[in-house]
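For reference, the structure is listed below as structure tokens.
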Amino acid sequence: MLENHSSWYSLSKTKSEKALWDFEQVKNGKLNAVAINPGFVIGPIYSEQHITSTPGRWLKIIKGESSLPN
């Protein structure tokens, strides 16, 4: 599904987490894995590519160009 929407960043995160759980299964309980998925990350935007994602939405809200969804 993520491939159909060209959501490559989300796809890479999903596939790497799945690889972690698959690797844990191969180790038969000899590996304790933890995946941390933060609900919100804040910090500088290092790439113009990410302006269209969550940081871009917050930037528009801060600038008054958009409002929070209901």
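The residue 34 and residue 57 beta-carbon pair, evaluated with R₀ = 35 Å, returns a calculated FRET efficiency of approximately 0.75.
Taking amide H as placed 1.01 Å from N in the peptide plane, the amide H of residue 66 sits under 5 Å from that of 61, each at least 5 places away or on another chain.
Extension gain for residue 11-residue 27 works out to 3.3 nm (0.36 nm per residue, less the C-alpha to C-alpha distance). Multiplying the residue separation of residue 18 and residue 67 by 0.36 nm and removing their Cα-Cα distance gives an extension gain of 14.2 nm.
Coordinate-derived values only; no laboratory data. All of these numbers come straight from a predicted model, not from anything done at the bench. Ideal geometry is used to build each Cβ from the backbone, glycine not excepted, and the neighbour counts take in all protein chains shown.
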